[in-house]
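Input: a single structure, listed below in structure tokens.
The values are calculated or read from the model by the stated rules, or taken from the named source; none is laboratory data. What you are looking at is a predicted structure, and each value in this text was computed from that prediction instead of being measured. Reconstructed Cβ throughout: ideal geometry from the backbone, glycine too, with neighbour counts over all protein chains shown. SASA here: full protein model, heavy atoms, side chains in, ligands and nucleic acids out. Shrake-Rupley method; radii C 1.70, N 1.55, O 1.52, S 1.80 Å.
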Amino acid sequence: MKGPRIEVDGVSMSDVGEDKIAAALGAKSSTWLVTGAAGFIGSNLVESLLRQGQQVIGLDNFSTGHQQNVDEALAAVPGAADRFKFVTGDICDRAMCDSIVKGVDVVLHQAALGSVPRSMDEPLASHDSNVTGFINLLDAARREGVGRFVYAASSSTYGDDPELPKREDRIGRALSPYAATKLIDEIYAGVYAQAYGYRATGLRYFNVFGPRQDPDGAYAAVIPKWADTMLADEVVTINGDGETSRDFCYVANAVQANILSAIAPDDAQGEIYNVAIGGRTTLNELFALIRDGLADHQVHYARDPEFGEFRSGDMRHSEADISKAQRMIDYRPEYDIEAGMKAALPYYLQRSRDAQG
């Protein structure tokens, strides 16, 4: 994979991939609804769409999102505020869903309660947001006649299937309530295509990371959490023996996949696509990658990690086959793990400096 084509300033998402997105969108301006717009991926989608002159409606209930993410997205695109409308609301509210889709051309549905550990602790809350909220929005979009519907699926759907790389047509048994909710979403999407002819496209994300990802709390994602831990010169805890592996995917790749899915030809709609790099990084390798990346910024972390228990509900290994997305929507991830880390670390460093005043 090739690396970034521009310098990253550490404040907003880089413009890598924007030329491709601009060419794909052309001069047409559509109205896009981004749910989970105050979240990590959602706010990056808002920023990218505004850069391309699109009209954007953002929806979030701030259960896991942050106003700062929205503010950063708008600040990154001067003069775009008049093309953006933010609505505070919950996808579990049917009336809200019915109202928010009116006049919308494309839905990019990112709102969810993420995290396998959270779902193990709060399975009913995960179901309410991830399943009930999903079908509320899907049905509202169908009845309103929204042209395209793209939703965040998950690599956790692969469950206990041991084969690598993971292919869209082969899954195992779900290992967590979170995985079950995402599988149910895919089932509902398939039923809606069969019963109503309304096709929703699912993107199975593989460990997306980058700017605006939350480093705090019990359910924080591993990369920003470890970066913050190292910046505070505290001990990093690795779950298990460190040989668990993941296909880490920089957020600009996920943005590209969302937009390309939405504008792909009709025969590419209603499918499931892996969104990843197509490689594996162990947690031990990830630790070294973050540590060495910080050293490039004159932050020298000298502590060894501690090893804890394996995390309940986790898959041991994950690696995606991205050939279907390459073939059907022309998905071409522009960042591998090294380039993605190089792009993300300045943001984590700046956020740490800001927190220290």
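Applying the set (1) of a type outside the set (F, W, Y); (2) in a helix (DSSP H, G or I); (3) open to solvent by less than 50 Å² (accessible area, probe 1.4 Å) to A153 leaves exactly one unmet item: (2). Only one of the listed residues (A81, A95, A140) is of a type in the set (G, A, S) and either open to solvent by less than 10 Å² (accessible area, probe 1.4 Å) or in contact (Cβ under 8 Å) with a residue 12 or more places away in the chain (or both). That residue is A140. Give the residues of segment 299-327 that are at pLDDT below 95, open to solvent by 90 Å² or more (accessible area, probe 1.4 Å) and of a type outside the set (D, E, K, R), sorted by residue number. The one that is at pLDDT below 95, open to solvent by 90 Å² or more (accessible area, probe 1.4 Å) and of a type outside the set (D, E, K, R): F310.
Can you tell me which residue within segment 208-237, out of those that are open to solvent by 20 Å² or more (accessible area, probe 1.4 Å) and assigned to a helix (DSSP H, G or I), is nearest to S156 (Cα to Cα)? Across segment 208-237, the extreme among qualifying residues is V222.
Filter segment 30-59 down to the residues that are small (G, A, S) and in a loop (DSSP other than H, G, I, E, B) and list them by number.
S30, G36, A37, A38, G39, G53 - these are the residues of segment 30-59 that are small (G, A, S) and in a loop (DSSP other than H, G, I, E, B).
Y198 meets each of the listed conditions (1) farther than 22 Å from V104 by Cβ; (2) open to solvent by less than 40 Å² (accessible area, probe 1.4 Å); (3) in a loop (DSSP other than H, G, I, E, B) apart from (1).
Is it true that V70 is under 22 Å from A193 (Cβ atoms) and at pLDDT 95 or above? No.
Residues in segment 156-176 include none that are part of a helix (DSSP H, G or I) and acidic (D, E). Close contacts from segment 311-339, counting a first residue that is within 21 Å of A220 (Cα to Cα) and of a type in the set (S, T, Y) and a second that is in a helix (DSSP H, G or I) and open to solvent by 20 Å² or more (accessible area, probe 1.4 Å), with Cβ to Cβ under 7 Å and a gap of 6+ residues or different chains, come to S312/M120. Among the candidates V116, V104, the residue that is at pLDDT below 95 and either among the aliphatic types (A, V, I, L, M) or open to solvent by 50 Å² or more (accessible area, probe 1.4 Å) (or both) is uniquely V116. Close contacts from segment 288-302, counting a first residue that is more than 14 Å from T229 (Cβ to Cβ) and a second that is of a type in the set (S, T, Y) and open to solvent by less than 80 Å² (accessible area, probe 1.4 Å), with Cβ to Cβ under 9 Å and a gap of 6+ residues or different chains, come to L289/T281; A295/Y301. Taking the criterion of being within 15 Å of I187 (Cα to Cα), polar (S, T, N, Q) and open to solvent by 10 Å² or more (accessible area, probe 1.4 Å), the residues of segment 119-137 that qualify are T132, N136. Picking from residues in segment 6-59 that are in contact with a Gly (Cβ under 9 Å, 6 or more places away or on another chain) and at pLDDT below 75, the one that is most open to solvent (accessible area, probe 1.4 Å) is A27.
Filter segment 60-109 down to residues that are in a loop (DSSP other than H, G, I, E, B) and hydroxyl-bearing (S, T, Y) and give me whichever is farthest from the chain's Cα centre (by Cα).
S63
Looking at (1) more than 29 Å from Q54 (Cβ to Cβ); (2) part of a loop (DSSP other than H, G, I, E, B), find the lone condition where R118 falls short. Of the numbered conditions (1) more than 29 Å from Q54 (Cβ to Cβ); (2) part of a loop (DSSP other than H, G, I, E, B), the odd one out for R118 is (2).
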